[in-house]
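Worksheet: one structure, shown below.
The values are calculated or read from the model by the stated rules, or taken from the named source; none is laboratory data. Every value quoted in this text rests on a predicted model; they were computed, and no experiment measured them. Cβ atoms come from the backbone with ideal geometry, glycine included; neighbour counts cover every protein chain shown.
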């Protein structure tokens, strides 16, 4: 028997009900509806291109469907999905490093014009666009360190383990990336 219609449910309750019923297809649909945009923007920050982001996001939710039994607390689904996303994005970046390609100036400009959202985008869309453009101008490794350090709030030792780069080198890369990011934002009229 189902729940009474007049009972308010918490956002994660539908997911709990679907998981308890063993309805994993419904559970993944709920996860995509509740967290799909967040996971997409998280991956977009890492990868810098919409095409790669769409591919990786599909992979993430496919893996999530296959691993739903491992989700111990449905109320932590976003954190669980972000963990999967982090690993898949790192995999894609490693693959990209193995298959380095030369990008000409025109393609670089197109990449710089693409949008992605980050922390301050909800306050002023112009700042969000400027931040997106400046992040896209950073190299993939610098963008990766920025996201892992400031978005995921990981310590340098953990980032070092994930990226196979020494903590000292990561600190130097992060400081250079922050300086480049600041200069780029200032050139676009964004001041602290």
Q. Going by the conditions given, is residue 147 assigned by TED's automatic domain parsing to the domain that holds residue 51, assigned to a helix (DSSP H, G or I) and at pLDDT 70 or above?
A. no
Q: Search the range 158-172 for residues that are not assigned by TED's automatic domain parsing to the domain that holds residue 146 and modelled with pLDDT under 85 and pair each with any residue that is assigned to a helix (DSSP H, G or I) and crowded, with 16+ Cβ neighbours inside 10 Å when their beta-carbon atoms are under 8 Å apart and the residues are at least 6 apart or on different chains.
A: none
(Q) One residue is enough: does the range 48-57 have a residue meeting the conditions touching a helix residue (DSSP H, G or I) at 6+ places or on another chain (Cβ under 9 Å), at pLDDT below 85 and outside any helix (DSSP H, G or I)? (A) yes
Q.
Please go through (1) outside any loop (DSSP other than H, G, I, E, B); (2) farther than 12 Å from residue 45 by Cβ; (3) in contact with a helix residue (DSSP H, G or I) (Cβ under 6 Å, 6 or more places away or on another chain); (4) modelled with pLDDT of 60 or more for residue 126 and return the number of the only condition it doesn't satisfy.
A. (3)
